[in-house]
Every structure is written in structure tokens, then in C-alpha cells.
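The values are calculated or read from the model by the stated rules, or taken from the named source; none is laboratory data. Given the structure is predicted, the values throughout are model-derived calculations rather than measurements. Cβ atoms come from the backbone with ideal geometry, glycine included; neighbour counts cover every protein chain shown. Accessible surface areas use protein heavy atoms only, side chains included; no ligands, DNA or RNA. Shrake-Rupley method; radii C 1.70, N 1.55, O 1.52, S 1.80 Å.
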Amino acid sequence: MLGTGHNRTEPPEDDMANGTLDSRFSAPAAEPSGWAEVDAVLAAAGTYWLTTVRADGRPHVTPLIAVWHEQRLFFTTGDGEQKARNLAANPQVAVTTGNNGLKEGLDVVVEGAAVRVRARERLAVLADAWVRKYGEEWRFEVRDGDFWHPGGGAAGVYEVAPAKVLAFRKEGTYAQTRWRFD
């Protein structure tokens, strides 16, 4: 389920299961990747790469940790960081993860708008998700609409509801699969 927090319709389950194969970038015998595999890659990834755009139009790319929860991607940033400044001007992002091997794995790109999460109950659920995924080192306290890390400062939490997802299969038969969500 694509959950709450955004005013948009849920994609039908068959849209999630059946992405569109882009034959221009796929081997002749390729089949589209399945959503279950994309979902598993997004959930299991340890590191993601966030692309934002600076106010002057230059791209900014940074590695970070994130949580895939309820078919949405969540990440954090301090208010003074470059990515937070970029998001204040333009919330559109691309987040990538996958495998650095040339002939193995599935690379995934999630495109959408990053929206700040402020609701205490939602942040508490997400704080628990960070601990489950990354361990006690990443335990956050929820305070004043942010995550707070002991010995650190506040971190804003952002939610990316996918507008478009691309999956690039490199293992076996090369394939590019696309999902679009309204």
C-alpha cells in the first residue's frame, strides 16, 4: 500500500506487479522485473544515493541511509545540510540503490517529491524502523517534529512517495522496467 501523507490515488496491485519493459534498453528476450524483487531491493539496501538540485541548477548527490516503509522511502538530513537547502527550493529527488557489479543484481531508481514528515506518531514508527534496520547506533528520539540523535542534533525526516520507479536488471538478461504512479 502506498500509504498516507500524499493526496494521490493508490496504484492498482496489478500496476505494482507488472511494470513496463523498455525494449530500447533491454535485451531482445528480456522480461520485466517484478515489483516484489524491486520492493525487496529497496527494503534491504544499506546505502542509497540521493540526488537533489541546488538553487543554481547544479546537481548534488550524496550517499545516505534510508528506510523503505509502506512503499515509500524515508531519509533524514539536518536543516543546515546542502540537501535540506536544496529540498527547500526544489523537493524533486531521485534516489538510487543496487549493486556496483556490472553483471549482477538489480539497480533501482525512485523518483518523486521529498516531503517533510512532522507527525509525532509517524516519526515514532519510523524511528523504530531505523533501529530494526540499522541497529541501536541509529536509535532516534522523536522531539519537536524531528529525529534527535544522542550526542548529535536534530534531523528532519523526509518521505518520498514514488512517482516513477526504474529497475535495471544486469544479471542474466539485461532489462529496464518502469513503473509510473499518479
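Key figures for this structure:
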{"item": "Output for region 136-153, where each listed residue is in contact with a strand residue (DSSP E or B) (Cβ under 6 Å, 6 or more places away or on another chain), surrounded by fewer than 18 Cβ atoms within 10 Å (Cβ to Cβ) and touching a residue at least 12 places away in the same chain (Cβ under 8 Å)", "result": "141"}
{"item": "Residue within region 44-52 that is farther than 16 Å from residue 92 by Cβ, more than 12 Å from the chain's Cα centre (by Cα) and either open to solvent by 80 Å² or more (accessible area, probe 1.4 Å) or of a type outside the set (Ser, Thr, Tyr) (or both) present", "result": "no"}
{"item": "Residue 133 surrounded by fewer than 20 Cβ atoms within 10 Å (Cβ to Cβ), within 27 Å of residue 35 (Cβ to Cβ), among the basic types (Lys, Arg) and in contact with a Lys or Arg (Cβ under 9 Å, 6 or more places away or on another chain)", "result": "no"}
{"item": "Close pairs from region 22-49: first over 19 Å from residue 164 (Cα atoms), partner small (Gly, Ala, Ser) and assigned to a helix (DSSP H, G or I), Cβ under 7 Å, at least 6 apart", "result": "none"}
{"item": "Selected residue (criterion: least open to solvent (accessible area, probe 1.4 Å)) from residues of region 154-182 that are over 29 Å from residue 124 (Cα atoms) and part of a loop (DSSP other than H, G, I, E, B)", "result": "170"}
{"item": "Matching residues in region 97-133 - criterion: being within 16 Å of the chain's Cα centre (by Cα), of a type outside the set (S, T, N, Q) and under 15 Å from residue 46 (Cα atoms)", "result": "98, 106, 107, 108, 109, 129, 130, 133"}
{"item": "Qualifying residues in region 24-35 (those that are open to solvent by 80 Å² or more (accessible area, probe 1.4 Å) and in a helix (DSSP H, G or I)) - the one farthest from residue 73 (Cα to Cα)", "result": "24"}
{"item": "Residues located in region 79-99, provided they are open to solvent by 20 Å² or more (accessible area, probe 1.4 Å), under 27 Å from residue 180 (Cβ atoms) and either in contact with a helix residue (DSSP H, G or I) (Cβ under 9 Å, 6 or more places away or on another chain) or assigned to a loop (DSSP other than H, G, I, E, B) (or both)", "result": "90, 91, 98, 99"}
{"item": "Residues within region 40-63 that are assigned to a strand (DSSP E or B) and in contact with a Lys or Arg (Cβ under 8 Å, 6 or more places away or on another chain), tallied", "result": "4"}
{"item": "Pair list, Cβ < 8 Å and 6+ apart or interchain, from region 50-65 residues that are small (Gly, Ala, Ser) to residues that are open to solvent by less than 40 Å² (accessible area, probe 1.4 Å)", "result": "55/86"}
